[in-house]
Every structure is written in C-alpha cells, then in structure tokens.
Amino acid sequence: MLRDAFRIHENIKDKETRERRVALLHKRLKAIYEETYTDPDCHRLAKRLRRHKDELFTFLEIEGVDWHNNEAERALRPMVVARKNSYGSRTIEGARDRAVLMSVSDSARKRGEGYTDFARNYLSSRAIASNSKC
C-alpha cells in the first residue's frame, strides 16, 4: 500500500485520478483496520491505523507535503548537537528555553530573516496586541 502511495505521489498529477486512487487507498486501509484480529500485535496495529487514518496519506492530499519527515529530523539535528556539546541542559527550564530559542531561530531562517529582526518584529507585534486589549 505504501509503495502504491509513493507511485501515486510521483506519477499521477491529474487531480481527479489522484483523488480516485487516494480513495482506493483509504478503502484498502479501512479493510485492514476493520478486520478482527486474534493476535494482540495485529490488533494493536489495526487500532493505531484506525486512529491515524486521516493523517497517513496527507502527502497525497495536500500539495507540498512530503511523504517523509526528513525536514523535521534535520531541523532537530543542530539542537541535538548543541545539547551533546554542552553536556545537556542542567534544568527543565533551561531545556525548554533552548528549545524555544532554537524554534524561533529556525523559523527566522525559513522565512529568510535575521534572528534579531525576526524576534524584534514578533515581540513588537505581541506588545501591540496586548496593549490593544487594555
């Protein structure tokens, strides 16, 4: 099924054909998770497939969504290296603060903005929003 999904992703650009094929994949998936299983591992997998059925083929249904999470993995890599080089954060708060700062830094990079400009604009917009509530 996954191989078929990759083929659809790579080869079928016509919207109607693509939607028809994706509907068939969902039908096949439904047959798997609605089956009654006696093996606990199969039952657990079917339950997980049912729970995530609407998320499994997002890359076929929304333009620009990759079928893999390599970008997310690459985004985490600098933080993992920094944590390793600094021997980790000493507190939960420190780990949270580092995660927030890395997230802001990554967002700025993706938008093509400098970190300080991005942070300044964000903080200014938050200050304006909070002042307008007074």
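Of the residues making up region 68-79, those that are assigned to a helix (DSSP H, G or I) and loosely packed, with under 11 Cβ neighbours inside 10 Å are ASN70, GLU71, ALA72, GLU73, ARG74, ARG77.
Just to be sure, is SER89 surrounded by 12 or more Cβ atoms within 10 Å (Cβ to Cβ) and at pLDDT 80 or above?
No: the conditions fail for SER89.
Kindly indicate the residue of region 24-62 that is hydrophobic (A, V, I, L, M, F, W, C) and exposed (fewer than 10 other Cβ atoms within 10 Å of the Cβ) and also farthest from the chain's Cα centre (by Cα) among those meeting that condition.
It comes out as ALA31.
Take the conditions touching a Ser or Thr at 6+ places or on another chain (Cβ under 9 Å) and surrounded by 10 or more Cβ atoms within 10 Å (Cβ to Cβ) and apply them to VAL65. Does it pass? It is true that VAL65 is touching a Ser or Thr at 6+ places or on another chain (Cβ under 9 Å) and surrounded by 10 or more Cβ atoms within 10 Å (Cβ to Cβ).
Let's see how each residue does on (1) in contact with a helix residue (DSSP H, G or I) (Cβ under 8 Å, 6 or more places away or on another chain); (2) charged (D, E, K, R); (3) without any contact (Cβ under 8 Å) to a residue 12 or more places away in the chain:
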residue: VAL65; (1), (2), (3): yes, no, yes
residue: ASN70; (1), (2), (3): no, no, yes
residue: PHE118; (1), (2), (3): yes, no, no
residue: ALA127; (1), (2), (3): no, no, yes
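Scanning region 1-40 for residues that are without any contact (Cβ under 8 Å) to a residue 60 or more places away in the chain, small (Gly, Ala, Ser) and either closer than 24 Å to GLY64 by Cα or not in a helix (DSSP H, G or I) (or both) turns up just one, ALA23.
The values are calculated or read from the model by the stated rules, or taken from the named source; none is laboratory data. If you're wondering where the values come from, they're calculated on a predicted model, not measured in any experiment. For neighbour counting, all protein chains shown are included, and Cβ atoms are generated from backbone atoms with ideal geometry for every residue, glycine included.
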